Amino acid sequence: MTMAVSHFRKHIAKIAEQILHVALVIGALHMCSEYFYGIAVCVGNSMEPTMKDNDIILLNKRNKYSPQRGDIVIIRSPNDPMKLLCKRVIHLPGDMVSRQGYRGTLPQGKIWLEGDNYEHSNDSRVFGPVPKGLIIGKVTRTLWPHFTDLRNS
């Protein structure tokens, strides 16, 4: 084997190792953003005064299927799965709900969501109880323009 071929193989091995490292980092980042934490933008004024239009928020995706009353969550819209909504959990399965257009006990697997700005919110008062499977994550804080902890808001 010539010196040139040996040098070429070493060079290819280094490139392959770098590609592997980049792939591992990308995979780890994807896993973290898919299963642990994510960043989203709150669009619209339905959560004012707690959050404003275009606030950048941090999501905790680890406990997305066990929401608590008062949590702020990001969900896929029941009417348009391509659209994300930011709402507050008001009622949990088993709760008696008496709101405009809906009266009854929430079934298992369903939650009732409302925006903090009632007059400007498209929420469960419009589309009814929401399957917990539509939850993407719990909003834990705003990152921009103000760094605010929302875990107990």
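Per-residue HN-Hα couplings for segment 5-19, Karplus 6.51 cos²θ - 1.76 cosθ + 1.60 at θ = phi - 60°, whole Hz, x for Gly and Pro?
So the J values, rounded to whole Hz, are 5, 4, 5, 4, 5, 4, 5, 5, 4, 5, 4, 4, 5, 5, 4.
Using only the Cα atoms of segment 26-134, build the gyration tensor, take square roots of its eigenvalues as a ≥ b ≥ c, and label the shape rounded, prolate or oblate: rounded if a/c is under 1.5, else prolate if a/b is larger than b/c, else oblate.
oblate
Please return the longest stretch of the chain lacking exposed loop sites, where trypsin sites (Lys or Arg not before Pro) count only if DSSP places them in a loop and at most 12 other Cβ atoms lie within 10 Å.
It runs 84-150.
Projecting each Cα onto the charge dipole of segment 8-153 (Lys/Arg +1, Asp/Glu -1 at the beta carbon, about the Cα centre), which of Gly115, Ile12, Trp144 comes out farthest on the positive side?
The Cα lying farthest towards the positive end belongs to Ile12.
Every number here is computed from the coordinates shown, using simple stated rules; none is lab data. Keep in mind it's a predicted model, so treat the numbers as computed, not measured. Here the Cβ is made from the backbone with ideal geometry for all residues, glycine too, and neighbour counts use every protein chain on show.
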